[in-house]
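Peer 1: Dumping the structure here so I can ask a few things about it.
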Amino acid sequence: MSDVATGDGLPDRLHDILLRMAGRVDDDALTSARELVAIAESDRAVELLVGCLIAGGVPVTPAENGQLRALLDQSRSEPALADRLKVRDTWYAPPHRFSYEPDAGAGVGAALAPVVDFLIGVRSVAAVWRVTPAGATPGAVPQRVVLVEIGPDGFAPATAYRIAQALETAGIRAVVEVLKSGADRSDYHKLAAQDAKPINLSGQHAAAPAPSGGGRRAKGASVVPIKPVAHAEAKPEVVAQAAPVEPVAEEKSVPQPPVLEPSADPSALGLVDYKPIAEDKLSDVERDLLRQLHEELAQREQ
């Protein structure tokens, strides 16, 4: 069994250290690092995190410094980068403030409908607003934070990626924090959980596949008819003129749905600074998750 499957692999350890940096590092930087972990770019993820800590002068504990040094080494990056981190045994950081109002969960349940069937091991989803900035170059506040709890059968990096992409597709700006059941919580996540309220995912399921083998479509999604008026008007005309070539010409003019070509720009997948992955270096679990992500993105394009 691979390290990923047991929850002790490099992606899981990277995910855990990113959780510890929540509220201390910029939200956008953490989101980008999580995306890199999800697509098996662990070296770039840990280098991005360490770079943000160095540039922002963010203190880390001796234990965190040791973890980051080990992650740099295991991802074949330069462990000496950890020497540039600001290490402090203790330091004071004002606590973040959170609030549920105004309705932090609005639209979240509906946005997760296209992916809810793929969220393996998810036990709960909650939402809250963080009203304080985070990081050296903070973004706008309030910042919506979506807290997800998963069981031992869930894979945190893939879950965070799927949920973040679903929210972005729905136009919802949020930071996604995936927490493992039973794991220790940072003070940041304890404060967030106090004011967060659960999202009801009951009934939020994607529609069953069409008998013809069509792609999965979210419940309630609209279907655009293909020139219904043109067919209704053209049919009497074809009968009156008795021209056998008209129906053929009409069918040829029907627009076809767009298809994501293999040569399309990888940035269309919504990944940060994407580059092809050497799939021969991935485990079977990571390769299967990556294939599912690509299939789902291609189905959304259709």
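Peer 1: Output the residues belonging to the stretch 34-63 that are buried (at least 22 other Cβ atoms within 10 Å of the Cβ) and among the basic types (K, R).
Peer 2: Across the stretch 34-63, the qualifying residue is only R34.
Peer 1: Then there's this: Which is of a type outside the set (K, R) and either touching a helix residue (DSSP H, G or I) at 6+ places or on another chain (Cβ under 9 Å) or free of Cβ contacts under 8 Å to residues at least 60 places away in the same chain (or both), of G121, G105? Working first, answer last.
Peer 2: Details: G105 fails: either touching a helix residue (DSSP H, G or I) at 6+ places or on another chain (Cβ under 9 Å) or free of Cβ contacts under 8 Å to residues at least 60 places away in the same chain (or both).
Selected residue: G121, the only one of G121, G105 that is of a type outside the set (K, R) and either touching a helix residue (DSSP H, G or I) at 6+ places or on another chain (Cβ under 9 Å) or free of Cβ contacts under 8 Å to residues at least 60 places away in the same chain (or both).
Peer 1: A further question on this structure: Out of the stretch 74-97, which residues are surrounded by 13 or more Cβ atoms within 10 Å (Cβ to Cβ), more than 26 Å from the chain's Cα centre (by Cα) and in a helix (DSSP H, G or I)?
Peer 2: If the condition is that a residue be surrounded by 13 or more Cβ atoms within 10 Å (Cβ to Cβ), more than 26 Å from the chain's Cα centre (by Cα) and in a helix (DSSP H, G or I), then P79, L81, A82 are the ones that fit.
Peer 1: So which of V146, V141 is outside any helix (DSSP H, G or I) and at pLDDT 95 or above? Break it down into steps so the answer makes sense when it comes.
Peer 2: Values: V141 fails: at pLDDT 95 or above.
The match here is V146.
Peer 1: From V122, V145, V128, grab the single residue that is in contact with a strand residue (DSSP E or B) (Cβ under 7 Å, 6 or more places away or on another chain) and surrounded by fewer than 22 Cβ atoms within 10 Å (Cβ to Cβ). First the steps, then the outcome.
Peer 2: Details: V145 fails: surrounded by fewer than 22 Cβ atoms within 10 Å (Cβ to Cβ); V128 fails: surrounded by fewer than 22 Cβ atoms within 10 Å (Cβ to Cβ).
It is V122.
One line per residue, one yes/no per condition, for (1) out of contact with any Gly (no Cβ under 9 Å at 6 or more places or on another chain); (2) over 24 Å from R173 (Cα atoms); (3) charged (D, E, K, R):
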site: A82; (1), (2), (3): no, yes, no
site: P94; (1), (2), (3): yes, yes, no
site: Y100; (1), (2), (3): yes, no, no
site: V108; (1), (2), (3): yes, no, no
site: A113; (1), (2), (3): no, no, no
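Peer 1: Taking V37, is it closer than 23 Å to P133 by Cβ, of a type in the set (A, V, I, L, M) and assigned by TED's automatic domain parsing to the domain that holds H15? It would help to see each step written out before you state the result.
Peer 2: Values: closer than 23 Å to P133 by Cβ: no; of a type in the set (A, V, I, L, M): yes; assigned by TED's automatic domain parsing to the domain that holds H15: yes.
Considered against the rule, which asks whether it is closer than 23 Å to P133 by Cβ, of a type in the set (A, V, I, L, M) and assigned by TED's automatic domain parsing to the domain that holds H15, V37 comes out as no.
Peer 1: Taking the condition among the small types (G, A, S) and loosely packed, with under 13 Cβ neighbours inside 10 Å, does G171 pass?
Peer 2: Working: among the small types (G, A, S): yes; loosely packed, with under 13 Cβ neighbours inside 10 Å: yes.
So G171 fits the description; yes.
Peer 1: Please determine whether any residue of the stretch 45-53 is within 19 Å of F155 (Cα to Cα) and either part of a helix (DSSP H, G or I) or among the hydroxyl-bearing types (S, T, Y) (or both). Explain how you work it out, then say what you get.
Peer 2: Taking the stretch 45-53 first, the residues within 19 Å of F155 (Cα to Cα) are 45-46.
Narrowing the set further to residues that are either part of a helix (DSSP H, G or I) or among the hydroxyl-bearing types (S, T, Y) (or both) leaves 45-46.
Within the stretch 45-53, one or more residues are within 19 Å of F155 (Cα to Cα) and either part of a helix (DSSP H, G or I) or among the hydroxyl-bearing types (S, T, Y) (or both).
Peer 1: Quick check, is R185 under 23 Å from A33 (Cβ atoms), under 13 Å from the mean Cα position of the chain (by Cα) and assigned to a loop (DSSP other than H, G, I, E, B)?
Peer 2: Details: under 23 Å from A33 (Cβ atoms): yes; under 13 Å from the mean Cα position of the chain (by Cα): no; assigned to a loop (DSSP other than H, G, I, E, B): yes.
In short, no.
Peer 1: Can you run down the residue pairs with Cβ atoms below 8 Å, 6 or more apart or on separate chains, where the first is in the stretch 138-167 and touching a residue at least 24 places away in the same chain (Cβ under 8 Å) and the partner is basic (K, R) and assigned to a helix (DSSP H, G or I)?
Peer 2: Correct list of pairs: P157/R34; A160/R34; Y161/R34; A164/R34.
The values are calculated or read from the model by the stated rules, or taken from the named source; none is laboratory data. Please read all numbers here as calculations on a predicted model, not as lab measurements. Positions of Cβ are generated from backbone atoms using ideal geometry, with glycine treated the same way; all protein chains shown enter the neighbour counts.
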